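First comes the structure, then the notes that go with it.
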Amino acid sequence: MSLKPFLDGASRPDDEDNHGNHQYRADDDDGPDVGRGRLFNHGRLRYRRRLREGNGGLDRRFYGYRRFGGYFGCYREVGYRGPVTGGRGKKGDIYEGGLRVPALLEWPAVLRQPRATDVPCNTSDIYPTLLQIAGVTVDNQPPLDGISLVPLIEGRMTSRPMPMGFWDHPTPGVGTPSKEWMASLLEAQNEGRAVDDSSRLRLDAGEITRKYPEDHFPGHAAWLDWPWKLHRMEKDDRVTFELYNLARDPQEADDLLERDPELAAAMKTRLEAWLASVVRSLNGADYR
């Protein structure tokens, strides 16, 4: 791993209303992002490269791809024609149907042969992985939820050394009219002008205006310590738990909470400690 990588990201406009006919191209010679070599169509990545810098530059490129926002899980609504990819729940859920997504990593200088892994990973692992690859140490680093995947890339990691936490807080997100904004952006790019509508900018995004209690964790959270997964659901001050062994029960159908209370209690302690840490970050305590 002596070569430092280039990093190239890939993304897809989150336009769920246009499945089947929406294309995002960024490698056309007459497009705004010439040479970036990516094509998404119906949520599927089609990737093309052009050797503009010679093989040395290509070998040092570090690419990561993932499906956005959870896969579609087991939809059963009448009339739905989207993919059914397994797992309980659907996009946005804390069950596996809303969390587990495929991901692909490409780094020709290091990964000479294709291989697959079933070690659970998370987008929160990207930052510590890049820090280690770049040999960077951050002074006063705030708490990190992720781990470096360098040992996994090098073939030395066979299981995840640290659990993963998930939390779907009931606070609604900020609505974004993606379809309209993308259309206006494309129109502006085709006309050679910039989009300068400041109303689309969240200029106060860095300001903390709300404080959350550190002993109250509403919504659906989970603690994944493979193969065990503990769910915590809090609504109207009522808290319930569920415990599953994903290796034996990937559909999360057989609740083992009452059959393994000691394990559930230990995982509950760690999950609620992590939730309290998340709240401290939300309240700005980790970023002073």
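The values are calculated or read from the model by the stated rules, or taken from the named source; none is laboratory data. What you see is a predicted model; the values in this text were computed from it and never measured. Note that each Cβ is placed from the backbone with ideal geometry, even for glycine, and that neighbours are counted across all protein chains shown.
Observations, loosely collected:
- Considering the stretch 116-144, and only residues there that are of a type in the set (D, E, K, R) and without any contact (Cβ under 8 Å) to a residue 24 or more places away in the chain, the residue that is surrounded by the most Cβ atoms within 10 Å (Cβ to Cβ) turns out to be 118.
Yes/no matrix, rows are residues, columns are (1) in a loop (DSSP other than H, G, I, E, B); (2) among the aromatic types (Phe, Trp, Tyr); (3) modelled with pLDDT under 90:
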| site | (1), (2), (3) |
| --- | --- |
| 148 | yes, no, no |
| 151 | no, no, no |
| 162 | yes, no, no |
| 165 | no, no, no |
| 171 | yes, no, yes |
| 185 | no, no, yes |
| 194 | yes, no, yes |
| 202 | yes, no, yes |
| 212 | yes, yes, no |
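- Given (1) closer than 17 Å to residue 264 by Cβ; (2) in contact with an Asp or Glu (Cβ under 6 Å, 6 or more places away or on another chain); (3) not hydroxyl-bearing (Ser, Thr, Tyr), number of the condition residue 232 does not satisfy: (2)
- Any hit, the stretch 196-203, residues being within 17 Å of residue 275 (Cα to Cα) and outside the structural domain of residue 96 (by TED's automatic domain parsing): no
Residue by residue, here is whether (1) crowded, with 19+ Cβ neighbours inside 10 Å; (2) touching a Leu at 6+ places or on another chain (Cβ under 8 Å); (3) modelled with pLDDT under 50; (4) more than 20 Å from residue 134 (Cα to Cα) holds:
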residue	(1), (2), (3), (4)
63	yes, yes, no, no
70	yes, yes, yes, yes
74	no, no, yes, yes
79	no, no, yes, yes
91	no, no, no, yes
94	yes, no, no, yes
98	yes, no, no, yes
101	no, no, no, yes
114	no, no, no, yes
